[in-house]
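Contents: one structure, followed by commentary.
The values are calculated or read from the model by the stated rules, or taken from the named source; none is laboratory data. Every value quoted in this text rests on a predicted model; they were computed, and no experiment measured them. Because the Cβ atoms are built from the backbone with ideal geometry, glycine has one as well, and the counts that use them run over all protein chains shown. With ligands, DNA and RNA removed, areas are computed over all heavy atoms of the protein, side chains included. Shrake-Rupley method; radii C 1.70, N 1.55, O 1.52, S 1.80 Å.
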Amino acid sequence: MPSPLENDRVLKTYLNPVYPKSFPDPFVLKFAGEYFGYCTGSAADGNVFGVLRSEDLVTWKESGGAMAPLADSPPYYWAPEVVYHNGKFYLYYSVGNEALMELRVAVSTRPDGGFVDSGRRLTKEDFAIDAHVFVDDDGSKYLFYATDFLDHSYIGTGTVVDKMVDWFTLEGNPRPVTRAKYDWQVYDPNRIEKGGVRWHTVEGPAVLKRKGIYYEMFSGGNWQNTTYGVSFAVSNRIESPDEWLQFSDGENVLPILRTIPEVVGPGHNSIVRGPNNRELFCVYHRWTDEGRVMAIDRMDFAGDRLFLIGATHAPQPAPFRASIPKALSNPATKGDWTSDNQSALSASNGKCEMEFASLPESFLCEFTLQCAGPLTDNGSVEIRLLAGADPVALTFHPIANVMRIEVPEDSTGLTSICKLPEGFDWTAPHLLRVEADFRRLKITLDEASLPEVKTSLASPLESFSISSENQSIRVGAVQLTGGFEELFEEANAIAENGWEVISDVGYRIEDGELLLDSAGEFQARRHWPDASCEFAANFRVMGALEGTCEYGLLIEDGESALVRLSVDWGTSRIRINGESVRVAPGNAVLEKYHQLRIIKTGGRALCYFDDALLHDFPVEDTQTHCSVFCGGTGLGIEMVRITTL
């Protein structure tokens, strides 16, 4: 049985709710390594939309209200969400008298307040609430929101999507995404204020994308009913002419976050990355005597399925921090730099450089970059990554508003000059994301807004540097996390990327899956030099059972097994170090994807099957090899992740 975490002195924990006061419809924005929370209603300072700040998603401080009430003073201000772009923060919200609600947008130059309404109404419907902005890979923007469907077979509120012309204007062609179709989404079987009809509610959209599939999370039903909760719908086209496919019918497949005896009314969620930029967290409210309070729980994917570890009511491992949290961790520097605990500022004359060396062979690094002071005619900014003698360089020329990309000839041979969007504000913070996995490299500027660079290197990265010449720059919020997430989207993901393969069966990569033939043994191993790590993989069984079939995760110290987490397909037994701990949950169809996960840190190992903690036991705190393995049947693997903790 799992050991309780209440008295743990090594593994830091948190307990929901993370903010125990009223904070309805919570939305959390991550900006420059810090978190900002926004909620429905008014703040103590007389402004609307309460604001919280946090560095770790667990400890929150109040920061007043985001915006002054409108001049005509409508009574209700609901469900704020904030998007950052090019130096400005856009707050989308619904306002009105409850019967009539419209969506509007306010703007500020800072995330913690000072928002001013733009004077623009976005929607035409009498009732429109719960705005959510989604930016696709190509930079296209979409607004998801909830509105009423009075002629639908299931009368009530559902969600729609409309393309955005700009941050203040919708295309004006909203299409249904998820409308009610199941009894668990009933809000009131005889809603008097709506004429006594059987009223359904689907609201609170939150959207993300993975491996070409769009996911919309939503809340359904009435929080006072035990059927209330959060589920999701999927589509391979964001502008699909059909409604998205819903996951939960409320009977055979329950909502992924729902009311349980210990937790009442969990709903209206947002999604945010954790401090190490690998973990995903679902932020939602739940009901207590204080009203709707804020909670967080981990969420993840298994194939095309979303799942949550929650709603939790006992201590959980706290969000894991990045290796370099916010402050710069003593990089080697050249030229004149001044620094504080959040950023470093280069001189405006000559060349200034900071270099991060001794990198792990696989890592994810994020930081913000902006020009400080006036732009200069001969000024430039460069990001240079070194793999052996081969550099990958991104050189920015702010005055010309261009980016030059250079990669080694023996990789992709790419050398190009990209014109950046008109109006690109070089004096505003921009997010750079560098993701390296052995010989593969991906660099993204402002996530979906600008082109990304992908290349294959002759050897793993050894260092990367940030430099300026005749241009003052500010570098801040540096966060580096060792590890990788392999989604098998490239054909050479195993053979050429640091894996040691021990196999007497054939294997291949097709359509985002590593597929293994049956009737043989397979093991793929990566050495991992860090004693503390998270190791996870998603598996599905395929083909006929031939003898004993076992598959899973193995962590070794080079001589013996430390943790072996496996599933026996024939018996559905889950084993840890050879000992049976339980039968796979009754709703776990092993022919569909599920996740096995091990957290190894502080001399402990925590083993999970999807959302269930199976066992928690002491383990030697040493460097490891991490392997996925199987034998006896065909197997599909669509994700392997190793993260330094």
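Structure values in brief
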| quantity | calculated |
| --- | --- |
| Computed over region 143-232, the ratio Rg/Rh where both radii use C-alpha atoms and Rh is Kirkwood | 1.02 |
| Extension gain from V402 to I260, taking 0.36 nm per residue of separation minus the Cα-Cα distance | 45.7 nm |
| Neighbourhood charge, 10 Å Cβ-Cβ cut-off, centred on E102 and excluding it, Lys, Arg +1 and Asp, Glu -1 | +1 |
| Evaluated at q = 0.12, 0.18, 0.19 Å⁻¹: base-10 log I(q)/I(0), Debye formula over Cα of region 58-167 | -0.46, -0.95, -1.04 |
| Centre separation in Å (Cα based) which lies between region 93-169 and region 182-232 | 17 Å |
| For region 318-378, alpha-carbon Rg relative to the globular expectation (2.2 N^0.38 Å, N residues) | 1.33 |
| Relative contact order (percent, whole number), the chain, Cα cutoff 8 Å, 6+ residue spacing | 11 percent |
| Solvent-accessible heavy-atom area per residue, rounded to whole Å², over the chain at 1.4 Å | 40 Å² |
| Total formal charge among the other residues, if their Cβ is under 12 angstrom from that of G113, Lys/Arg +1 and Asp/Glu -1 | -1 |
| Carbon and sulfur %, accessible surface of region 18-70 computed with the full protein complex present, 1.4 Å | 51 percent |
| Label of the coordinate-derived value, Rg/Rh (Cα atoms, Kirkwood Rh), listed as (1) 1.08; (2) 1.01; (3) 0.96 | (3) |
| Length-normalised contact order for region 459-574 - Cα pairs under 8 Å, 6+ apart - percent | 14 percent |
| DSSP beta bridge pairing in the chain, given as percent antiparallel to the nearest 5 | 100 percent |
| Percent carbon-and-sulfur accessible area, region 532-645, ignoring ligands, DNA and RNA, probe 1.4 Å | 45 percent |
| Of all accessible heavy-atom area on region 352-495, the percent that carbon and sulfur account for (1.4 Å) | 49 percent |
| Pairwise centroid distance, computed over Cα atoms, of region 6-78 with region 432-472, Å | 33 Å |
